[in-house]
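Readers should treat all values here as calculations from the given coordinates under stated rules, not as data from a laboratory. Since the structure is predicted, the reported quantities are computational estimates derived from the model, not experimental observations. In this analysis, Cβ positions are derived from the backbone assuming ideal geometry, glycine residues included, and neighbour counts consider all displayed protein chains.
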Amino acid sequence: MSVPTALIVEDEIFVALDLERILIDAGYAVKAIAADKLGALDAAHDCSFALVDINLRDGATGPELARMLSEDFGLKVVFVTANPAQIAHPSGAVGYVCKPFSESAILCAAAVATCDDHTPLKVHHIEFVPLV
């Protein structure tokens with residue numbers, strides 16, 4: 001079985017590196033860290049899921065990017081944001097985690113994003129908010 005591969009879309013490098021550390025320590029692979037929509041789209045191939053901020057280097061492009069990653073690449077997307085009120089519905093995302101986040105919230109989000117659609121998964125983590 002292959003290791004799930006994440007795409008991190010975050011323009012604050014220290015936040016992105018923290019997300020990367022959490023995922024790698026838990027056994028996930030991280031293909032790329034992108035700071036904007038174009039960089040994310042360039043790196044999206046062969047990823048299993050994406051952690052996406054709402055406000056990126058190129059503006060509030062996270063919601064549009066989430067739809068594109070979901071529809072065009074089949075990725076499950078979780079927003080990691082300080083601005084959940086900016087999430088457009090439908091967004092293409094499976095949920096969100098608010099900043100500041102805990103390691104356990106990110107791992108819960110990754111578990112939700114990597115389970116297949118036919119596997120029932122009960123989410124009992126107060127910091128992860130499902131959108132679907």
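What the table below lists for this structure:
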item: R0 of 25 Å, Cβ-Cβ distance residue 116-residue 17: FRET efficiency to nearest 0.05; result: 0.30
item: Counting DSSP beta bridges with both ends in the chain, the antiparallel % (nearest 5); result: 20
item: Estimated 222 nm signal from helices in the chain, with DSSP H stretches of n ≥ 4 weighted -39500 (n - 2.57), rounded to 500; result: -10000 deg cm²/dmol
item: Once the Cα gyration tensor of segment 5-130 is diagonalised, semi-axes √(5λ) in Å; result: 18, 16, 15
item: In segment 34-99, the trypsin sites (Lys or Arg not before Pro) that fall in loop regions by DSSP, at most 16 other Cβ within 10 Å; result: 57
item: For segment 5-130: relative contact order, % (alpha-carbon pairs under 8 angstrom, 6 or more apart); result: 21
item: Segment 50-113 and segment 1-34: distance between their alpha carbon centers, rounded to Å; result: 13
item: Distance (nanometres) between label positions extended 7 Å along Cα→Cβ at residue 89 and residue 31; result: 3.0
item: Rounded to the nearest 20 debye, dipole of segment 1-100 from Cβ charges on Lys, Arg, Asp, Glu; result: 220
item: Ordering of 39-45, 105-111, 23-29, 94-100 by burial proxy (mean other Cβ atoms within 10 Å per residue, highest first); result: 105-111, 94-100, 39-45, 23-29
